[in-house]
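Undergrad: This is the structure, below, for whatever I ask next.
Values quoted throughout were computed directly from the atomic coordinates according to the rules given, and no laboratory measurement underlies them. Nothing here was measured: the structure is a model prediction, and the numbers come from that model. Methodologically, a virtual Cβ is constructed for each residue, glycine included, from the backbone with ideal geometry; neighbour enumeration extends over all protein chains shown.
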Amino acid sequence: MSFDQKTREADRIYDDFEPPSDWDHDDSSDTVILMIPGFMKEQLRVQVTSTRVLRVSGERQMNDKKWRRFRKEFSIPSHSDTSRVAAKFEAGILYVKLPKLINQQNIAPTPTQQEPQKPQQQTIPQKPDTPNTDHVSDQKKHQEPKKDIEEVSEKNEKGKAEESRDDENGKMEKRPVTMEMVSRQRQEYVNALCGLVDEVKKQKQLVNVLLLVFLVLMFGIYVKNVINSFFSGGHKHQEL
């Protein structure tokens, strides 16, 4: 780097900011999401240190001396594979994907259906004087398995209803996170636009001041020439 380049970098005025970020987790990877509107891909830098730290930084020029920059660090989970880290930048959003190690990925176990246990049949001693006891015991034997089957079916229906409720609750939780990210991005765009408008106004004011100074100088020179010509003309008439 030359001396002139070092001097120009020393004269820069940096505006540091912290971009909003979020995590997205699934069975195969963890993803870091950063909202950085106004930046380009060439102005960003993603690093993975030897101490398992993800470092994301970037800077861009606002005007001649003013620059806007950020730097953010994230701890990489122990189950992530640092050799397969990938980054993607689109529409002002940076995605850094941290794949999980193969032996750490959650493998969903296949559900096994349990057969309903058959109720133990109770033997009722027969009495010689009561001929109707056999008929009553047979009816009880037929009614008890039906009750067990109905209880098992009711439990299965309750389990399916709870799973569907959990899925709906999970979808409702993801929606506020997405809306919050969109509102953050819109606010960042508005702030960037306001900054550009302020810079344009400042430049217009500077041009007006320079023009006024120039007019004042020209008027002073004109007045000086008029006075000099007046006195030089009067001096010649006196000599004559």
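Undergrad: Give, as residue ranges, the strands (runs of 3 or more DSSP E) completely inside segment 6-88 that count at least 3 residues that are surrounded by 12 or more Cβ atoms within 10 Å (Cβ to Cβ), in contact (Cβ under 8 Å) with a residue 24 or more places away in the chain and under 15 Å from the mean Cα position of the chain (by Cα). Outline the logic, then answer.
TA: Numbers: elements: 13-16, 21-25, 29-35, 44-48, 53-61, 66-75.
Those strands (runs of 3 or more DSSP E) span 29-35, 66-75.
Undergrad: Here's another thing I want to ask about it. Could you list, in sequence order, all residues of segment 37-57 that are over 25 Å from ASP81 (Cβ atoms) and touching a helix residue (DSSP H, G or I) at 6+ places or on another chain (Cβ under 9 Å)? Break it down into steps so the answer makes sense when it comes.
TA: Residues of segment 37-57 that are over 25 Å from ASP81 (Cβ atoms), as a first pass: 37-40, 42-43.
Listed by number, the residues that qualify are PRO37, GLY38.
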